[in-house]
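Worksheet for the structure shown next.
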Amino acid sequence: MTTTATATASRGRHISKREPNGWEERSWRWGGAAVLAALAYAPLLAVRPGAITPDTKTYLYLDPARFLSQVAFLWNPAVGLGTVSHQYIGYLLPMGPFYEVFHLLGVPMWVAQRLWLGSILLAAGLGIIYLSRVLGLRGPGPVAAALAYMLSPYFLQYAGRISVILLPWAGLPFLVALTIVGLRRGGWREPALFALVVALVSGINATSVIYIAIAPILWLFYAVVVLRESTWRHALATGLRIVILTLGACLWWMAGLEVEAAYGVNVLKFTETIPSTATTSNPSDILRGLGYWYFYGTDHLGPWTNAAVRFTQDIALLVTSYAVPVLALVSAAFVHGPRWSVP
């Protein structure tokens, strides 16, 4: 009896110690998500209310329904005597439907535009929180990592002008996390979710898909060679499942890209040549999340992006923008987190 009572009391004490930790973790999780949402939407809605910026495609704001009816076809008779459209089919998912829904609901377009940008920011932050949980991180760490990612200077290079290019950046943490979980669990569920995320973020810019694919591939090698959490055979099987489902989910825009490449105008030959896009990129700026050529552009009216002036001339901002990645790299060299787990 005494032994049983002691064991019961011991279990009770053990449970009482664990319950606050679970409550604390839920608080960090939901509280962190609330903070991310507030920082993603509130500043954008508060700045210059009523103003619409020339983001991505003006037709999305003028008449979303008509624009969607045009991008559904590769031949556009409204340009010149007719031409094969350039990277239009990708607006069928998700940017075009997003604006059309808010248009049908009667939401002002400037609000819809801010909600679109805020949603991209929030998705990026939530992706980092999910990835952090998969990696076994708990407490305030995931929230801090999410804030550092979603509020990095990288966002400024595309926001307000070509925000659709930010979609791969927002989807990247989810892709890495789903690769990790898929490798751990096996099966087709996580590869299917992986394919869905890629389909949502890849329709406009195929090159960006190649770049973000590097991270999941590297993780497969890392899991086998460094962590020894998997065998080559299992990693290859997981990778093949991801590739098969992803190709199937992206055939809709891949077919359109093939037609555009064969019969459309070679826009890149005249607008985004290698010298013009690579001249401004340098390792130091890439370290802090910058380096995109358009960010540094100027003409007789002034800089194309006002934030570029501060990020290249403000000493305090220069020091801060470099301090964050440098501290992160130094910390990574000395701090070893817990082993990752499936949430």
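All but one of (1) out of contact with any Pro (no Cβ under 6 Å at 6 or more places or on another chain); (2) more than 25 Å from Thr53 (Cα to Cα); (3) surrounded by 11 or more Cβ atoms within 10 Å (Cβ to Cβ); (4) at pLDDT 85 or above hold for Gly337, so report the exception by its number.
(4)
Go through segment 80-99 and report how many residues are touching a Leu at 6+ places or on another chain (Cβ under 6 Å) and surrounded by fewer than 19 Cβ atoms within 10 Å (Cβ to Cβ).
2
Whether any residue in segment 293-301 is polar (S, T, N, Q), over 29 Å from Val134 (Cβ atoms) and within 24 Å of the chain's Cα centre (by Cα) is what I want to check.
Checking segment 293-301: not a single residue is polar (S, T, N, Q), over 29 Å from Val134 (Cβ atoms) and within 24 Å of the chain's Cα centre (by Cα).
Is it true that some residue in segment 163-180 is outside any helix (DSSP H, G or I), open to solvent by less than 30 Å² (accessible area, probe 1.4 Å) and either acidic (Asp, Glu) or touching a Ser or Thr at 6+ places or on another chain (Cβ under 9 Å) (or both)?
Looking for residues that are outside any helix (DSSP H, G or I), open to solvent by less than 30 Å² (accessible area, probe 1.4 Å) and either acidic (Asp, Glu) or touching a Ser or Thr at 6+ places or on another chain (Cβ under 9 Å) (or both), one finds none in segment 163-180, hence no.
In segment 64-79, what residues are within 16 Å of Gly256 (Cβ to Cβ), open to solvent by 30 Å² or more (accessible area, probe 1.4 Å) and in contact with an Asp or Glu (Cβ under 9 Å, 6 or more places away or on another chain)?
Within segment 64-79, Leu68, Leu74 qualify.
Which residues, taken from segment 261-277, are without any contact (Cβ under 8 Å) to a residue 40 or more places away in the chain and not hydroxyl-bearing (Ser, Thr, Tyr)?
Listed by number, the residues that qualify are Ala261, Ala262, Asn266, Leu268, Lys269, Phe270, Glu272, Ile274, Pro275.
Would you point out the residue of segment 26-63, among those that are in contact (Cβ under 8 Å) with a residue 40 or more places away in the chain and of a type in the set (D, E, K, R), that is least open to solvent (accessible area, probe 1.4 Å)?
Asp55
What do you reckon, is Leu117 open to solvent by 50 Å² or more (accessible area, probe 1.4 Å), of a type in the set (A, V, I, L, M) and outside any loop (DSSP other than H, G, I, E, B)?
Working: open to solvent by 50 Å² or more (accessible area, probe 1.4 Å): no; of a type in the set (A, V, I, L, M): yes; outside any loop (DSSP other than H, G, I, E, B): yes.
Here the answer is no, as Leu117 does not meet what is asked.
How many residues are modelled with pLDDT of 90 or more, among the aliphatic types (A, V, I, L, M) and part of a helix (DSSP H, G or I) when one looks only at segment 30-76?
The number of residues fulfilling the criteria is 14.
The values are calculated or read from the model by the stated rules, or taken from the named source; none is laboratory data. Values in this document were obtained by computation on a predicted structure and should not be read as measured data. We place every Cβ from the backbone using ideal geometry, glycine too, and count neighbours over all the protein chains shown. With ligands, DNA and RNA removed, areas are computed over all heavy atoms of the protein, side chains included. Shrake-Rupley method; radii C 1.70, N 1.55, O 1.52, S 1.80 Å.
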